[in-house]
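Report on one structure; see the data block that follows.
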Protein chains: 2
Amino acid sequence: MGLVTAVESYSDSQVEMSKLAKAIAHPARIAILQLLTVNDCTCNEIVQQLPLAQSTVSQHLKELKKVNLIDGLEIPPRTIYVLNHEVYAKLQSVLNKFFNIS
Amino acid sequence: MGLVTAVESYSDSQVEMSKLAKAIAHPARIAILQLLTVNDCTCNEIVQQLPLAQSTVSQHLKELKKVNLIDGLEIPPRTIYVLNHEVYAKLQSVLNKFFNIS
DNA sequence: ATCAATTATCGTAATATTGCTATGAATATT
DNA sequence: AATATTCATAGCAATATTACGATAATTGAT
């Protein structure tokens, strides 16, 4: 990623925004979010919709969880993945704020 | 990135959106876009505002140009970088469309 | 008690990203 | 003509990302 000192010289909102952007910077993760927009899904249900191995999907879900765009309801042996509408809306508003400056 | 076959199984809009997201998935590139929102800038002017070497900034500019978020007006030995408001607005609308589905 | 189903994680490989220094190419200045 | 300015690119190193198969861990079913 780079030096720690470099990160410190960007504003919080710049760093936060770049992290959220990175979270949706892969078509699989966009596809996952779109699926979750329609229905809550287990990992397997997502695997069936994507051309990826289960472990890979699990990894992408982890990335989305890391920025709180989704939550995982653990009901073993399943985990039901759910959109975090709050953060989802926040990302929208952050992006809007950014683009409306122009 | 991965296999060519994998990319083909995502929709055009998913791929396009992920590419645009990737373009803004770094705080330096967000900072650059914000600078260009206020003023057209040469590479050097941007270098003076960021904690990065000239070559690194040049590379980030290249990334932004790749997705047409900015244009470079070459007036040697300078290049004046300018926001591409059209694509900028398009990214905004693409994101809005995406998020409003929820 | 076994076995199947589900998911997370580990280990690994291939590739991409990010950053730098050094350098080349083009133009302007002295 | 020599020098300075500006920018892009090449070359390189460190790290991150993306993908897979294999494997645990957990629960449900037989």
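The values are calculated or read from the model by the stated rules, or taken from the named source; none is laboratory data. Here the structure is a predicted model, which means the values were calculated and not measured. Cβ: placed from backbone, ideal geometry, glycine included. Neighbour counts: every protein chain shown. In case anyone asks, the SASA skips ligands and DNA or RNA and just uses the protein heavy atoms, side chains included. Shrake-Rupley method; radii C 1.70, N 1.55, O 1.52, S 1.80 Å.
Okay, helix-only estimate at 222 nm for chain B: each DSSP H run of n ≥ 4 adds -39500 (n - 2.57), divide by all residues, round to 500 deg cm²/dmol; what do you get?
Details: 6 runs with 65 residues, N = 102.
Counting only the DSSP helices, I get -19000 deg cm²/dmol.
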Handout entry: Residue-averaged beta-carbon neighbours from other chains (10 angstrom radius) around A:30-38
Key = 4
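In percent, what relative contact order does region A:11-100 have, based on Cα pairs under 8 Å that are 6 or more apart in sequence?
Numbers: 76 pairs, mean separation 25.9, N = 90.
Relative CO of region A:11-100 lands at 29 percent.
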Exercise for the section: Give, rounded to the nearest 20 debye, the magnitude of the charge dipole that the protein assembly as shown has about its Cα centre when Lys and Arg contribute +1 at Cβ and Asp and Glu contribute -1 at Cβ. Expected result: 140 debye
Exercise for the section: With +1 on each Lys and Arg Cβ and -1 on each Asp and Glu Cβ, and nothing else charged, work out how big the dipole of chain A is about its Cα centre, in Debye to the nearest 20. Expected result: 160 debye
Handout entry: A:ASP71 accessible area, 1.4 Å probe, all protein chains in place, Å² to nearest 10
Key = 60 Å²
Handout entry: Partner chain coverage, peptide A:14-25 - average Cβ within 10 angstrom
Key = 6
Completion exercise
So, with points 7 Å from each Cα along the Cβ direction, the A:GLN48-B:ASP12 label distance in nm works out to 3.0 nm
Completion exercise
Any lysines whose Cα falls less than 24 Å from that of B:LYS62, other than same-chain ones fewer than 8 residues away, would be A:LYS19, A:LYS22, B:LYS19, B:LYS22, B:LYS90
Handout entry: Rounded, prolate or oblate (a/c below 1.5 giving rounded, otherwise prolate when a/b exceeds b/c) for the protein assembly as shown by Cα gyration tensor
Key = prolate
Exercise for the section: Starting from a label point 7 Å past Cα on the Cβ side, list the distances from B:THR42 to the same position in the other copies, nm, shortest first. Expected result: 6.2
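At 20 °C and 1.002 mPa s, what whole-number value in µm²/s does Stokes-Einstein give for the translational diffusion of chain A, with Rh from the Kirkwood sum over Cα pairs? Spell out each step's value before the answer.
Working: Rh = 14.8 Å.
It diffuses with D of about 145 µm²/s by this estimate.
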